[in-house]
Amino acid sequence: MTSDFEAQLRAVSMRVTRPRLAVLAALRDHPHVDTDAVIALVRANHPTISHQAVYDVLRALTDAGLVRRIQPGRATARYESRVGDNHHHVVCRSCGAIADVDCVVGHAPCLTASDDHGFVVDEAEVVYWGTCPDCATERISQ
Ligand SMILES: [Zn+2]
Ligand SMILES: [Zn+2]
């Protein structure tokens, strides 16, 4: 697993460092977490990695395209290491739970905008809003 992360870092000419590996591992195991959660996850295993180091690593990995930053609506920014596949998100209005929604494999129909206004479109970000199963159950039982 770790060697995958090393290969990813090398592919974008980034040095392999312990904080970078720790952040990538945290996001692999816990997709769609906010900055505070990434810090908590990383520091649980690596107490010597500072808050600031995690901030810096998140920014560097996002800039390098290894991490994707999503911010549905006015929610706090979340991070995930699943990048480059044009996947979308379904978000719960009540609790903020987020899940991945795939595009059709090998094809991204949502990239065909009904009117592209002359833009060359290379990415589409769709957010589906609704109520997650947990919140829906809670609402019924109340
Ligand atoms: Zn919910
Ligand atoms: Zn996702």
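Points worth noting:
- Unique match (being modelled with pLDDT of 95 or more, part of a loop (DSSP other than H, G, I, E, B), surrounded by 14 or more Cβ atoms within 10 Å (Cβ to Cβ) and under 13 Å from the mean Cα position of the chain (by Cα)) among LEU61, LEU66: LEU66
- Cβ pairs under 6 Å, 6+ apart, first in segment 69-88 and free of Cβ contacts under 8 Å to residues at least 24 places away in the same chain, second aromatic (Phe, Trp, Tyr) and within 8 Å of ligand 2 (Cβ to nearest atom): none
- The set of residues from segment 48-58 being crowded, with 18+ Cβ neighbours inside 10 Å and assigned to a helix (DSSP H, G or I) comprises ALA53, VAL54, VAL57, LEU58.
- Only one entry of THR48, THR76 meets the criterion of being within 29 Å of MET14 (Cα to Cα) and modelled with pLDDT of 95 or more, and that entry is THR48.
- Residue in segment 93-109 that is assigned by TED's automatic domain parsing to the domain that holds GLU6, touching a residue at least 60 places away in the same chain (Cβ under 8 Å), within 15 Å of ligand 2 (Cβ to nearest atom) and farther than 18 Å from GLU6 by Cα present: no
- Scanning segment 2-24 turns up no residue that is in contact with an Asp or Glu (Cβ under 6 Å, 6 or more places away or on another chain), under 17 Å from GLU80 (Cα atoms) and outside any helix (DSSP H, G or I).
- Count of residues meeting criterion [within 16 Å of ligand 1 (Cβ to nearest atom), surrounded by fewer than 11 Cβ atoms within 10 Å (Cβ to Cβ) and outside any helix (DSSP H, G or I)] in segment 111-142: 1
The values are calculated or read from the model by the stated rules, or taken from the named source; none is laboratory data. The structure presented is a predicted model; accordingly, all values stated were derived computationally and were not measured. Note that we place each Cβ from the backbone using ideal geometry, even for glycine, and neighbour counts take in every protein chain shown.
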